[in-house]
Amino acid sequence: MKVAILSMQEVRNYGSFLQAWSLKHNIEALGHVCDFINITPGDQLGQYKQSRFDNVKKFVERVCGLDFYKRIYYFFRFRRRFDNEFFADLGVKVGEVNNNHYDVVVIGSDEVFNCAQKTWFGFSRQLFGEGLNADKVISYAASFGAADVKTMEELGVKDVVARLLKNFSSLSVRDENSYKTIKELIDVESLMHVDPVLIYDYDIHMKPVASFGDYMIVYTYPNRITDRAEINKICEYAHDRNLKLISIGHYFSWCDKVIVPHPFEVLYLFKNANCIVTDTFHGSVFSIKYNKRFCTIVRGMNNNKLTYLLRQFGLSFRIAKTPNDIERILDEDIDYSSVNNQIAREKERSVEYLDEQLRS
C-alpha cells in the first residue's frame with residue numbers, strides 16, 4: 001500500500017523528528033511505501049491568532065539579555081541544523097505541497113488535533129482529514145493537547161471538528177483528555193496508543209557524542225524554565241553531585257554546556273545521562289525509554305498529555321509540584337521492570353493496530 005503520514009514533521013523539534021521517524025519506519029517495516037504530507041495552514045482563531053509581531057516578540061524575548069550574542073548564536077544554529085540537515089535526514093521537503101493519492105493517510109502523532117494554540121498553521125482542517133487524496137484516513141496517538149469541547153465551542157469550530165472526525169476510519173489518541181473529547185463530540189470510543197518514540201529501537205541509528213563525564217540533562221524550550229527557585233534547585237543538585245548541566249538545543253546561561261546535536265545524538269545523550277530535568281512531553285518519553293532517573297515539571301500547556309503519560313506508566317511520583325521536590329525526586333530510584341513490560345505490550349498493540357488498519 002501507499003501510505004502517507006500527516007504530522008508535525010515540519011516543526012523544529014527533536015520530539016517531532018523522532019516520532020515521525022518511528023512512525024514512518026514502523027509502517028515501512030510492515031511492507032508499505034510511506035511518504036510525508038506537509039500541513040496546509042488554516043484559519044487563525046480568536047486569541048490564538050499568530051501574527052508577524054508575535055514571532056518578532058518571541059525572538060526578542062529569547063535573545064534579550066546581556067549574553068544576547070550567545071542566545072542569537074544558538075537560536076540560529078538550532079534552526080539552521082534542522083533546515084539544512086535534520087529535515088533532509090527525515091525525508092521531509094519543507095513547504096512541499098503533496099497532492100498524491102494514497103491508500104491510507106495516518107494523521108499523528110502528538111497535538112495534531114489541538115486547534116487552541118498559537119502556530120503558523122492555525123486551525124488546519126487538513127489535520128482533521130479534510131481535502132486529503134486518500135481512500136482511508138486514520139489517526140495514531142493523536143492529541144487535542146490543552147483543547148477540549150468547551151474551547152472548540154468558544155472558538156466556533158466544535159461542529160466542524162465533529163463532522164470531520166466522523167469521516168475517520170479509525171481514531172487513535174494518546175491521552176485521556178483526547179479520548180473524552182472525541183467521546184463527547186461524536187460518541188466514539190477511540191483507541192489509546194503510546195507515542196511512536198516508545199515503539200521503535202533507534203540503537204542502529206544512535207550517534208555517540210564526546211564524553212562530558214558525569215552530566216545531568218536539562219531538556220526544555222526557551223523561556224520555559226525561568227523561575228529562579230527552579231533554576232537554583234537544579235543548579236544546586238548538579239553542583240552537589242559534581243554533575244555538568246547540559247542543555248540540549250537551547251541556550252541557558254546557568255547551564256555548563258549548550259549543544260545542538262543531531263536527533264540521534266540526543267537519544268545517545270539521554271541514554272548515558274546520570275539524570276534529567278524536563279518540562280516537556282518528549283523529555284519525559286526519552287527518559288522513560290532509557291530507564292533514567294528524571295524529574296518532570298508540568299506546565300499548563302502540556303498538562304493533559306504529560307500527566308496522563310506519567311500516570312499510565314505508574315510514574316506520577318516523578319512530577320515536581322514545587323522546586324523543593326526536585327532533589328528528592330531525582331534521588332529516588334525507579335523500578336523500571338513493570339514499566340518496560342508495559343512498554344513491550346504497548347509496542348505490540350501499536351504495531352498490531354497499524355498492521356490491521358493498513359491491510360484492511
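The values are calculated or read from the model by the stated rules, or taken from the named source; none is laboratory data. Not measured: the values here are computed from a predicted model. Cβ atoms come from the backbone with ideal geometry, glycine included; neighbour counts cover every protein chain shown. Ligands, DNA and RNA are stripped out before the accessible areas are found, and what is left, the full protein with its side chains, is counted by its heavy atoms. Shrake-Rupley method; radii C 1.70, N 1.55, O 1.52, S 1.80 Å.
Which of rounded, prolate or oblate describes the range 83-225 when judged by the alpha-carbon gyration tensor and an a/c cut-off of 1.5?
Verdict is prolate for the range 83-225.
For the range 99-197, build the charge dipole from Cβ charges (+1 Lys, Arg; -1 Asp, Glu) around the Cα centre, then report which of 168, 192, 122 sits farthest towards its positive end.
So the residue we want is 122.
Residue 198 accessible area, nearest 10 Å², 1.4 Å probe?
Accessible surface of residue 198 is approximately 10 Å².
With +1 on the Cβ of every Lys and Arg and -1 on the Cβ of every Asp and Glu, and nothing else charged, how large is the dipole of the range 180-337 about its Cα centre, in debye rounded to the nearest 20?
My answer is approximately 220 debye.
Based on the Cβ-Cβ distance of residue 253 and residue 117, what FRET efficiency does E = 1/(1 + (r/R0)^6) give at R0 = 25 Å, to the nearest 0.05?
Rounded to the nearest 0.05, the efficiency is 0.35.
Assign one of three labels to the range 65-114, namely rounded, prolate or oblate, based on the Cα gyration tensor with a ≥ b ≥ c the square roots of its eigenvalues; rounded applies when a/c is under 1.5, prolate when it is not and a/b is larger than b/c, and oblate otherwise.
prolate
Compute the accessible area per residue over the chain, keeping the other protein chains in place, probe 1.4 Å, unit Å².
Result: 44 Å² per residue.
Anything over 18 Å Cα to Cα? Flag those among 70/233; 158/180; 257/321; 158/305, in the order listed.
Cα-Cα > 18 Å for 70/233; 257/321; 158/305; rest within.
Looking at the square roots a ≥ b ≥ c of the eigenvalues of the Cα gyration tensor of the range 182-296, which shape do they give, rounded for a/c under 1.5, prolate if a/b is larger than b/c, or oblate?
Oblate, because a/c is 1.5 or more while a/b does not exceed b/c.
With every protein chain left in place and a probe of 1.4 Å, what is the accessible surface of residue 118, to the nearest 10 Å²?
Roll a 1.4 Å probe over it and residue 118 shows about 100 Å².
For the chain, give the share of DSSP beta bridges that are antiparallel, in percent and rounded to the nearest 5; count only bridges with both residues there.
5 percent
Take every Cα pair under 8 Å in the chain that's 6+ residues apart, average their separations, divide by the length, and report that relative contact order as a whole percent.
This gives 16 percent for the chain.
If you put +1 on each Lys and Arg Cβ and -1 on each Asp and Glu Cβ, how big is the dipole of the range 279-360 around its Cα centre, in Debye rounded to 20?
200 debye
Taking the dipole about the Cα centre of the range 52-205, with the C-beta of Lys and Arg at +1 and of Asp and Glu at -1, give me whichever of 108, 68, 144 is farthest to the positive side.
68
Grab the beta carbon distance between residue 355 and residue 44, set R0 = 35 Å, and tell me the FRET efficiency rounded to 0.05.
0.40
For the range 185-196, take each phi angle, set θ = phi - 60°, evaluate the Karplus expression 6.51 cos²θ - 1.76 cosθ + 1.60, and give the result in whole Hz per residue in order, putting x for glycine and proline.
The phi angles translate into 6, 10, 6, 10, 8, 6, 8, 10, 9, 8, 4, x Hz.
Roughly how much of residue 237 is accessible, in Å² to the nearest 10, using a 1.4 Å probe?
10 Å²
Return the label of the correct value of volume of the Cα convex hull per residue in Å³, as calculated from the structure shown, out of (i) 179; (ii) 134; (iii) 144.
Given (i) 179; (ii) 134; (iii) 144, the structure-derived one carries the label (ii).
Which order do the peptides 7-15, 29-37 come out in when sorted by mean C-beta neighbours inside 10 angstrom, highest first?
For the peptides 7-15, 29-37, the packing ranking is 7-15, 29-37.
Amide H to amide H, which residues 5 or more places from residue 5 or on other chains are under 5 Å from it, using H placed in the peptide plane?
35, 36, 37, 106
If the cut-off is a Cα-Cα distance under 16 Å, which aspartates and glutamates reach residue 183, setting aside same-chain residues fewer than 8 apart in sequence?
Qualifying aspartates and glutamates at Cα under 16 Å: 148, 153, 159, 175.
Might you report the magnitude of the Cβ-based charge dipole of the chain about its Cα centre, with Lys and Arg at +1 and Asp and Glu at -1, to the nearest 20 debye?
Taking the Cα centre of the chain as origin, the dipole is about 920 debye.
Students sometimes get this wrong: rank 220, 322 by accessible area, probe 1.4 Å, all chains present, largest first.
Ranked list, largest accessible area first: 322, 220.
Show me, for the range 37-43, the HN-Hα J-couplings you get by feeding each phi into the Karplus relation (A = 6.51, B = -1.76, C = 1.60, θ = phi - 60°), rounded to Hz, glycine and proline as x.
10, 7, 6, 8, x, x, 6
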